[in-house]
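To start, the structure itself, in structure tokens.
The values are calculated or read from the model by the stated rules, or taken from the named source; none is laboratory data. Keep in mind that this is a model prediction, so the values were computed, not measured. Positions of Cβ are backbone-derived with ideal geometry, glycine not excepted, and every protein chain shown enters the neighbour counts. Heavy atoms of the whole protein, side chains included, go into the accessibility calculation; ligands, DNA and RNA do not. Shrake-Rupley method; radii C 1.70, N 1.55, O 1.52, S 1.80 Å.
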Amino acid sequence: MNTEKNLKNISKVSWKTFLKDVFICSMGAYGGPEAHYGVFTEQLVVKKKYLTEEELVELIALTGILPGPSSTQTIVAIGHKIGGPILAFLTMLVWALPIITFMTILSFLSSKNISKEAFQYIGPMAVGFIIVAAYRIGRKVATDKVTLLLLILGAVTTYFIRKPWIYPLVLIFGGVVSIIKSKEKDLWNRVKLNPPWKYLIAFAVIGIGSIILNIFWDNKIIRIFESFYRYGYLVIGGGQVVIPLMYSELVEINKYMTDQEFLTGFGLIQGLPGPMFSFSAYAGGMAARGSGVLIQLIGALAGGIGIFLPGLLLIYFVYPIWENLKKIKGIKVSLRGITAIAGGLITTSAIILMQKSDLILENILVCLLTVLLLFIKKVPTPLIVIAVLVAGYIW
């Protein structure tokens, strides 16, 4: 009944209204993908009911297995759910373009000492968002002893092993456990999928084609695009995961920028809203310096498009068959374990974020106040963000 009601509500949603909510998410999404999920839960699930908490956790689990920027893929999938591929593309633009534009401009600035006072309480605020999301999602996915144990396993495992490969591994493990523990019969019933193969073909052609072009054509823009496209399909998880690889190639090997320039851009992106992969626009612009303003702009564009494009093509390929995939009993059963593990990952992210945030009185108060305001549900998310930024300037 909830699903049918949700589908009726979705059919009445105007694209303009939905994109406005995506923009609100973009402006309130500080930190990594786990913190973004807190904003999605608050704005798109609790307030606007574009999807249920269960559906959001399923998408988080799906994008956790796919290469690419997971929170970006999640919100693009929600756009696809509401209005198909065109709205999904517009969702991507509204979600990422503001911060990509800012990071492109940053690549032209000569000053390395950008004031960060306004962002000093953003970390504690992000912790508040993720604590609330972890509570709400955990309550939904831990429905019995098995799912509760899987949630705890996901949390403990990813707390002690913080490697990119562990996330898809534990998600798959959760699905396998659910299937093994299930008493249902005929789990692998057949369904008609009709995958949109053109997106997977485009994904492969662009990847292989950019490598071939880079080998036979000595062009700076091609090199930048190939590098960032490769970052996009080799990395599973958020922007923090790809940073070490980018640092090694851009600073140490190719020397496109200095250590300080790299750290300045990366440090600033921590306190800015939107996807962390937007750092690629800054890095691409910095890598293309020295050949004129136009080439630097194209370099920033190549970096931004390159890193987001693989994940976008993959979600375009997978999401249209996702609903039918869930009709297979085995997949549906496995989702119980997968979403329980995903709830554990979000719980761990809340703990890690709390540890990274300095446990001083001001930060604790900001975090607790954020949690309180989110539970009250009467204060819009943008107002919380603005209040935190103003507090950073004043104190």
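List the extent of the Cα atoms of the chain along each of their three principal axes, largest first, rounded to whole Å.
64, 54, 44
With every protein chain in place, what's the accessible area of Ser291 (1.4 Å probe, Å², nearest 10)?
Approximately 70 Å² of Ser291 is accessible to the 1.4 Å probe.
Which one of Phe216, Phe40, Phe279 has the biggest mean-square fluctuation once the chain is modelled by GNM with Cα springs under 10 Å?
In the Gaussian network model the winner is Phe216.
If the only charges are +1 at each Lys and Arg Cβ and -1 at each Asp and Glu Cβ, what is the size of the charge dipole of the chain around the Cα centre, to the nearest 20 debye?
Approximately 1320 debye in magnitude.
In the chain, if the dipole is taken from +1 on Lys/Arg beta carbons and -1 on Asp/Glu beta carbons about the Cα centre, which of Phe375, Pro33, Gln355 is farthest to the positive end?
Of Phe375, Pro33, Gln355, it is Phe375.
So if each residue of separation counts as 0.36 nm, and I subtract the Cα-Cα distance between Trp197 and Phe89, what length gain in nm does that give?
Working: separation 108, 0.36 × 108 = 38.88 nm, distance 1.78 nm.
Contour length minus Cα-Cα distance gives 37.1 nm.
For the chain, set up a GNM with springs between Cα atoms under 10 Å and report which of Leu372, Leu97, Leu314 has the largest fluctuation.
Most flexible of the set in this elastic network: Leu372.
Set Lys and Arg Cβ to +1 and Asp and Glu Cβ to -1, take the dipole of the chain about its Cα centre, and tell me which of Phe102, Ile137, Pro195 lies farthest positive.
Sorting the options by dipole projection puts first Pro195.
Quote the FRET efficiency, to the nearest 0.05, computed for Leu368 versus Val390 with a Förster distance R0 of 25 Å and r equal to the Cβ-Cβ distance.
With R0 = 25 Å, the Cβ-Cβ based efficiency is 0.85.
Sum -39500 (n - 2.57) across every DSSP H segment of at least 4 residues in the chain, then divide by the residue count to get the 222 nm mean residue ellipticity, nearest 500.
Estimated from H runs of four or more residues: -24500 deg cm²/dmol.
For Lys20 and Asn254, compute 0.36 nm times the residue count separating them, minus their Cα-Cα distance, and round to one decimal in nm.
That works out to 80.2 nm of additional length.
If amide hydrogens are placed 1.01 Å from N in the peptide plane, which non-local residues have theirs closer than 5 Å to the one on Gly68?
Those qualifying (amide H under 5 Å, at least 5 residues apart or on another chain) are Val235, Ile236, Gly237.
If you build a Gaussian network model of the chain, linking Cα atoms that sit under 10 Å apart, which residue out of Glu53, Glu362, Glu42 swings the most?
Glu362
Tell me, what ³J(HN,Hα) does each residue in region 204-218 have, in order and in whole Hz, if you take phi through Karplus 6.51 cos²θ - 1.76 cosθ + 1.60 with θ = phi - 60° and put x for Gly and Pro?
Values per residue, Gly and Pro as x: 6, 4, 5, x, 5, x, 5, 5, 5, 4, 5, 6, 9, 9, 7 Hz.
Extending each Cα 7 Å along its Cβ direction at Glu323 and Asn189, get the distance between those two points in nm, one decimal.
1.7
For region 118-220, with only Lys/Arg (+1) and Asp/Glu (-1) charged at the beta-carbon, what is the dipole magnitude about the Cα centre, in debye rounded to 20?
Approximately 320 debye in magnitude.
Could you sort out which of Lys12/Lys329; Lys48/Lys327; Lys81/Lys326 sit more than 20 Å apart by Cα distance in this structure?
Values: Lys12/Lys329 30 Å; Lys48/Lys327 26 Å; Lys81/Lys326 14 Å.
In this structure, Lys12/Lys329; Lys48/Lys327 lie more than 20 Å apart at Cα.
Quick one: if you stick a label point 7 Å off each Cα along the C-beta vector at Leu109 and Asp144, how many nm between them?
Those two pseudo-labels are separated by 5.4 nm.
Rounded to two decimals, what is Rg over Rh for region 275-395 when you use alpha-carbon atoms and the Kirkwood radius?
1.11
What are the ³J(HN,Hα) couplings of region 298-315, residue after residue, when phi is run through the Karplus curve with 6.51, -1.76, 1.60 and θ = phi - 60°? Round to Hz, x for glycine and proline.
5, x, 5, 5, 4, x, x, 5, x, 7, 8, 4, x, x, 5, 5, 5, 6
Just the number please: accessible area per residue for region 123-201, 1.4 Å probe, all protein chains included, in Å².
I get 62 Å² per residue for this part.
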